[in-house]
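Structure, as structure tokens:
The values are calculated or read from the model by the stated rules, or taken from the named source; none is laboratory data. The model shown is predicted, which means the values in this text are computed figures rather than measured ones. Neighbour counts are summed over all protein chains in view; Cβ atoms, including those assigned to glycine, are modelled from backbone coordinates with ideal geometry.
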Amino acid sequence: MADQRRGGNPNWKGGRVIASNGYVLLRMPGHHLADVRGYVYEHRLVGEQILGRRLQLGEIPHHKNGRKTDNRPENIEVMPSIAHHQVHHRLARDCALRLPDEPNPIVACACDCGGLFSRYDSLGRPRRYISGHNPHVSERIVSILDALRLDRRLHRSVLAARIGVGLHAVAVALSKGRARGLFRPVGRGDWELV
């Protein structure tokens, strides 16, 4: 009976396999990067070879051309952190996000109110207005304003029927318009212009 271990097994591929996540694994039991089965990610080995030392906590090897199986040293770049690595994987729609270590300057509100705030929020998204200062008024609020201009005082159910939306949608629009100082409640469910 032939030896079915390693070279004697027809399925043996020399210890090199592609994992379900698309990365190349090498069989290297006992290596400091090996998992419990004895496999090491090849791109992590190449990253260590490039640096000439072990990868430090947080360092991530990045495939420059995006192909997970292309582990040539010229295609691997070691990123100092996951934040730096994610910059290389951002989609085009995310390009305005704050980059790692980028300063967060103080800017003026775009509505010319004189308010100052940090350019990026806590998630790194750019801001133009202080919360609540966006000058855009929704079509629903404009429809409510038009209806209240015709009849000075209306019940929210009548408003919902006139503008053709549900009661909840009108309640939300009324609340937002109230916060902007456009209209106010004057009784149980009745609203009027300010």
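For the range 140-174, how many residues are exposed (fewer than 11 other Cβ atoms within 10 Å of the Cβ) and without any contact (Cβ under 8 Å) to a residue 12 or more places away in the chain? Qualifying residue count for the region: 4. Looking across the range 96-139, the residues that are surrounded by fewer than 14 Cβ atoms within 10 Å (Cβ to Cβ) and basic (Lys, Arg) come down to 125, 128.
Restricting the search to strands (runs of 3 or more DSSP E) fully inside the range 65-167 and requiring at least 1 residues that are in the same structural domain as residue 41 (by TED's automatic domain parsing) and more than 30 Å from residue 192 (Cα to Cα) gives 76-79. Considering (1) within 24 Å of residue 88 (Cβ to Cβ); (2) assigned to a loop (DSSP other than H, G, I, E, B), the lone condition that residue 25 does not fulfil carries the number (2). Annotation note: Cβ proximity below 6 Å between a residue of the range 91-120 that is among the aromatic types (Phe, Trp, Tyr) and modelled with pLDDT of 75 or more and a residue that is part of a loop (DSSP other than H, G, I, E, B) and surrounded by 14 or more Cβ atoms within 10 Å (Cβ to Cβ) (sequence gap 6+ or interchain) occurs for 117/130; 120/98. Report whether or not residue 172 is over 18 Å from the mean Cα position of the chain (by Cα), at pLDDT 85 or above, outside any loop (DSSP other than H, G, I, E, B) and more than 28 Å from residue 184 (Cα to Cα). It is false that residue 172 is over 18 Å from the mean Cα position of the chain (by Cα), at pLDDT 85 or above, outside any loop (DSSP other than H, G, I, E, B) and more than 28 Å from residue 184 (Cα to Cα).
As a summary of the residue check, residue 61 satisfies the conditions (1) surrounded by fewer than 10 Cβ atoms within 10 Å (Cβ to Cβ); (2) not in a loop (DSSP other than H, G, I, E, B) except for the one numbered (1). Residue by residue through the range 46-65, note down the ones that are small (Gly, Ala, Ser) and either within 20 Å of residue 25 (Cβ to Cβ) or touching a helix residue (DSSP H, G or I) at 6+ places or on another chain (Cβ under 9 Å) (or both). The answer is 47, 58.
The C-beta contact set for the range 76-89 (first residue closer than 13 Å to residue 44 by Cβ, second residue part of a loop (DSSP other than H, G, I, E, B) and not basic (Lys, Arg), distance under 8 angstrom, 6+ apart or interchain) comprises 78/55; 78/59; 79/59; 79/88.
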